[in-house]
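J.: Take a look at this one; I'll ask things after.
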Amino acid sequence: MTGVPVPNAGSARYDRGRGLLRAAADHTTDVLYPLIVIGRGLRRLTAAGRRRWARTPRDRRGPALLLAAAGVAATALLPHGPLLAVAALTAAAAWAGRGGTAAGKAVPGEAEAERLRTLYEALVPYFRAEDDPDPLYAHGGDWEAVFLGHAFDDTGRPVLLELRYPPYFPDGEPEFRARIEQVLHAKCGRGREYLFDWDEEGNVLALTALPPLPDDIRAQRFVTAPGETVLGFTGPESVRRTLPAVRGDALEDAADVPPVLWRTGPRSAEPHLIALGRPGSGTTTLLRSIALQALRDGDVLVVDGSGGGEYACLAGRRGVPAVECGLSGALAVLEWAVHETERRLLSLHEARRTGHPVPEDVRRRLWILVDRPAALSQLAASEGRPDPQELLRVPLRHGRAAQVTVVVADHLDGVDSLDGTVRTQTRARVVLGPATPEETAAVLGVPPPTTPPPEVPPGRGYARLGHGPVHRLQVPATPDPCDEECAEADRLAVLALLPEPSSVAGA
């Protein structure tokens with residue numbers, strides 16, 4: 001009988017007892033599950049109430065308490081009021097307590113809690129006042145009372161933060177905001193873009209890690225309404241509208257992407273646009289993209305001040321009266337644009353006076369694209385000739401009524417060389433390429449709400465239309481098809497959008 005294991009009676013009784021206890025626990029959990037759900041819901045409602053109370057400004061807390069007390073008194077005086085209130089609270093707690101897994105995810109782990117504590121300590125020197133008797137931020141303080149919401153990615157870095165700050169913090173001054181944003185950017189992890197949303201009324205700052213903008217959208221025929229031009233594409237946090245756009249090599253499947261739309265026309269508040277950036281930032285690409293869209297129902301006049309032949313693909317095409325690179329040609333076509341703007345105004349006024357319809361040639365939009373006007377102005381000054389920028393004053397001031405749109409692109413370091421009328425009349429503004437927050441704010445009027453991207457490909461930057469918000473921007477890939485170094489797919493996409501050669505050019 002050796003070699004045969006003999007069962008241990010004590011071990012068998014232990015296993016049997018453990019099984020009975022597990023079955024009893026499971027049965028008890030099933031029986032008490034409604035109470036567990038209601039208890040979890042009450043905790044969630046209490047936490048939500050605390051967060052809502054923390055967001056409420058101090059001057060509104062008294063009236064809120066008075067209104068709550070009045071509601072409780074009215075409920076107590078109603079027939080069966082307390083019973084109905086308890087039933088409503090139980091139903092709300094049961095609804096809020098469903099889905100226990102989601103609630104567990106909201107609780108930070110040990111590493112995440114340590115990261116939140118580090119963020120809290122880093123913000124103490126900026127959010128604390130020495131004479132505050134009950135500081136919200138203090139070394140070793142309660143960091144859980146500050147963070148109203150948080151979420152982390154798989155690497156443990158924050159992707160969403162919602163935190164309170166003292167009401168005496170000067171959140172209306174850009175330099176103080178920039179200091180806090182710099183600290184959060186460094187502590188949450190560089191290499192990503194962050195969006196900062198300041199709720200000045202509730203004293204709450206929300207930080208969101210933004211996904212990178214799509215850089216695989218090339219030039220194509222976008223689905224837009226008349227008078228709309230796609231400047232590029234942005235993130236879903238900026239606009240609600242989306243457009244179908246083919247991305248990458250997917251020739252058939254189109255994805256919905258949020259665009260930055262520039263609306264022109266007689267009712268537009270931003271009839272003209274200026275794009276600034278350093279060499280290679282993509283301003284010329286933006287002008288080419290605008291030209292291809294404008295040629296669908298308008299005429300495009302191009303003045304290339306750089307003289308690099310970046311717009312040679314448009315020469316001789318239908319709807320392109322001229323593409324000029326030299327100073328003499330630029331002065332000639334801009335002078336013609338001045339007379340054309342005046343002629344359109346006279347025709348428009350005459351049609352309105354006599355009650356006749358506006359002529360077709362006046363309704364057809366004229367686009368004037370000027371790249372590097374500052375270089376032409378310097379060349380004209382050296383030769384003692386008129387400044388080409390002075391000829392842009394009439395189209396800029398009267399172009400909206402005359403269906404004339406002016407688009408100007410130049411280098412960021414040459415802003416001082418631009419004419420005053422050019423700078424004041426171009427209220428749609430774009431900054432492309434690497435630029436400091438101060439340079440971006442000087443062009444757009446306000447600093448961008450996001451941190452600089454870790455990588456700045458050509459055509460990447462910011463756009464602001466008039467007094468609207470600042471949008472992140474990625475211009476569609478629209479290279480010069482005559483450039484042998486561009487990608488073949490991008491070159492073919494541009495060639496497919498070019499109109500056929502005009503009959504005059506063919507003759």
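J.: Quick one: dipole size for the range 269-312, taken about the Cα centre, charges +1 on Lys/Arg Cβ and -1 on Asp/Glu Cβ, in debye to the nearest 20.
T.: 160
J.: Dipole of the range 294-345, Cα-centred, from +1 at each Lys and Arg C-beta and -1 at each Asp and Glu C-beta, to the nearest 20 debye?
T.: That gives the range 294-345 a dipole magnitude of about 200 debye.
J.: Just name one of V494, L473, V443: the one whose Cα is farthest towards the positive end of the charge dipole of the range 424-497 (beta-carbon charges, Lys/Arg +1, Asp/Glu -1).
T.: So the residue we want is V443.
J.: So, counting K/R as plus one and D/E as minus one, what does the shell of residues with Cβ under 12 Å around H467 add up to?
T.: Result for the local shell: +2.
J.: Here is a follow-up. Give the accessible surface of the chain per residue, rounded to a whole number of Å², with probe radius 1.4 Å and ligands, DNA and RNA excluded.
T.: Using a 1.4 Å probe on heavy atoms only, each residue of the chain averages 54 Å².
J.: Additional query: For the chain, what does the relative contact order come out to in percent, with C-alpha contacts under 8 Å and a separation of six or more?
T.: Here the relative contact order equals 14 percent.
J.: Same structure, new question: With +1 on each Lys and Arg Cβ and -1 on each Asp and Glu Cβ, and nothing else charged, work out how big the dipole of the chain is about its Cα centre, in Debye to the nearest 20. Mind dumping the intermediate values first?
T.: Values: 57 positive and 64 negative charges, 453 e Å.
For this selection, approximately 2180 debye.
J.: What is the sum of charges, Lys and Arg at +1 and Asp and Glu at -1, for the other residues whose Cβ falls under 10 Å from the Cβ of L207?
T.: That sum, taken over residues with Cβ under 10 Å, equals -3.
J.: Additional query: First select every other residue whose beta carbon is under 9 angstrom from the beta carbon of D371; then total the charges, Lys and Arg +1, Asp and Glu -1.
T.: My count for the surroundings of D371 gives -2.
J.: Here's something else I'd like to know. Set Lys and Arg Cβ to +1 and Asp and Glu Cβ to -1, take the dipole of the range 290-443 about its Cα centre, and tell me which of G309, A381, V422 lies farthest positive.
T.: V422
J.: So if we plug the beta-carbon distance of Q182 and L346 into 1/(1 + (r/R0)^6) with R0 = 45 Å, what FRET efficiency do we get, rounded to 0.05?
T.: 0.25
J.: Above 20 angstrom, tally the Cα pairs of the range 146-239 and express them as a % of all pairs, no decimals.
T.: Values: 2199 of 4371 pairs.
Value for the range 146-239: 50 percent of Cα pairs lie more than 20 Å apart.
J.: Here's a follow-up. Which of the helices in the chain, when you take each full DSSP H run, stretch at least 27 Å along the axis at their Cα atoms and have an average Kyte-Doolittle score of 0.0 or higher?
T.: Passing helices, by number: 58-77.
J.: Carbon and sulfur: what percent of the range 63-220's accessible surface (1.4 Å probe)?
T.: Solvent-exposed carbon and sulfur of the range 63-220 make up 60 percent of the total.
J.: Taking the radius of gyration and the Kirkwood hydrodynamic radius from Cα positions alone, what is the Rg/Rh ratio for the chain, to two decimal places?
T.: We get a ratio of 1.15 for the chain.
The values are calculated or read from the model by the stated rules, or taken from the named source; none is laboratory data. Model, not experiment: these values are computed from the prediction. Cβ: placed from backbone, ideal geometry, glycine included. Neighbour counts: every protein chain shown. Quick note on the areas: whole protein, heavy atoms, side chains included, nothing else; ligands and nucleic acids left out. Shrake-Rupley method; radii C 1.70, N 1.55, O 1.52, S 1.80 Å.
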